[in-house]
Amino acid sequence: MNMIESRYMKRGIATIVLLFHLCWMMGQEAPFFANKQLQYAYHNPGYIPELQYATITTGGRFQWVGLDGAPLSLFISGKYFFLGAHSQVGINMLYDKIGYQYIANPKVDYAFCVPFAPDSYINFGMSVGMMTKGYKESEIDLGYTLNNTPTRNSVLEQLEKGSAPDIDVGVEFLLQNFEFGFAANHLLKGTDNVSMNKIFYGFFNANFQSQEWWRLSPTYAFYLFKGDEGSKNVQKHQIGFDFYYVNDYDSHPRDYFYVGAAYRIPNEAVIRVGYSFEFFSVFYSYDYIFEDLRHDSYGSHEIGLEFRIGQKDRGCYANYGMSKKRYTRYHRM
């Protein structure tokens, strides 16, 4: 097969993906990030990453790199926790694009933290924002597609363009050895021009530490995208396992770096790594898909950064550090 034939095969595959995507009639499915930092911050408004720091989390998912029209997801989130009010306020923004279609989803969120035992908390959250859907007409090129492809006008008639209000709710439980949470996204019905499809998300993590310098964390995440009438629901499951090296355990413990792997049912394997400096972390993951798309793409890549900005009046918080379990999410430098 020569270079020209290979190029047109890639474009043909991309076109099939796009046309399949259009048949949902509800715009594009939301991204399901492989890294926990992006996954929690995007899906769960009840997610409180830190008590004594403001956090900024940003990153992107580059799916099926090398394939024309492949999905691109960019995300940024900023959160600030008010110790005296047990409350967090935040803003976040998702920009997601596949082919010539895109969504922009800015939100403002609020979360309330309830301590109920030593180093144990329940966090409740809610976010409100807008869902904007559109397309870049200049990028629509049907000249290279297969026979019997819909005309340009018929494609445009199926695309959504406009904005609609959006609401999410979520909760997370943080215990000394376990973390789990649930969220429901896009609870409003939408409009005639912008449909809204509910997403249900959940996660579970366990922490095991038998030595002072390391810990192991098996993880699980669930994603359910509710399709419209006449279209199928989309379910995804991610089972993972991460190894953390804990630095400066005796005085100011923190996660120094981690390596891990995961499997995304039904057909993707993931490797992920992260490194933590004093006030920011960097993380990366690579997905390999066990389908025909692997022949024409270079896999999926995620990269992200998380910045921690110390509060001016850092102090004690209810039940913080009382359990002496130094690997809980909040009891670290």
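The values are calculated or read from the model by the stated rules, or taken from the named source; none is laboratory data. All figures in this text were calculated on a predicted structure; none of them were measured in a lab. Cβ sites come from the backbone with ideal geometry, for glycine too, and all protein chains shown count toward neighbours.
Selection of segment 55-99 for residues being hydroxyl-bearing (Ser, Thr, Tyr) and surrounded by fewer than 18 Cβ atoms within 10 Å (Cβ to Cβ) yields 80, 87, 95. Looking only at residues of segment 78-95 that are in contact with a Lys or Arg (Cβ under 9 Å, 6 or more places away or on another chain) and modelled with pLDDT of 95 or more, we find that the one that is nearest to residue 195 (Cα to Cα) is 94. Between residues in segment 34-61 that are under 12 Å from residue 123 (Cα atoms) and residues that are polar (S, T, N, Q), which pairs lie under 6 Å by C-beta distance while being six or more apart or on different chains? Every condition considered, the pairs that remain are 45/127; 46/123; 48/88; 48/123; 49/55.
Conditions tested, residue by residue: (1) closer than 28 Å to residue 103 by Cβ; (2) among the hydroxyl-bearing types (Ser, Thr, Tyr).
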{"position": "158", "(1), (2)": "yes, no"}
{"position": "175", "(1), (2)": "no, no"}
{"position": "178", "(1), (2)": "no, no"}
{"position": "182", "(1), (2)": "yes, no"}
{"position": "188", "(1), (2)": "yes, no"}
{"position": "195", "(1), (2)": "yes, yes"}
{"position": "200", "(1), (2)": "yes, no"}
{"position": "203", "(1), (2)": "yes, no"}
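Report whether or not residue 205 is modelled with pLDDT of 90 or more, under 20 Å from residue 276 (Cα atoms) and surrounded by 14 or more Cβ atoms within 10 Å (Cβ to Cβ). Yes.
Scanning segment 100-135 for residues that are within 14 Å of residue 77 (Cβ to Cβ) and among the aliphatic types (A, V, I, L, M), we see that the one that is surrounded by the most Cβ atoms within 10 Å (Cβ to Cβ) is 111.
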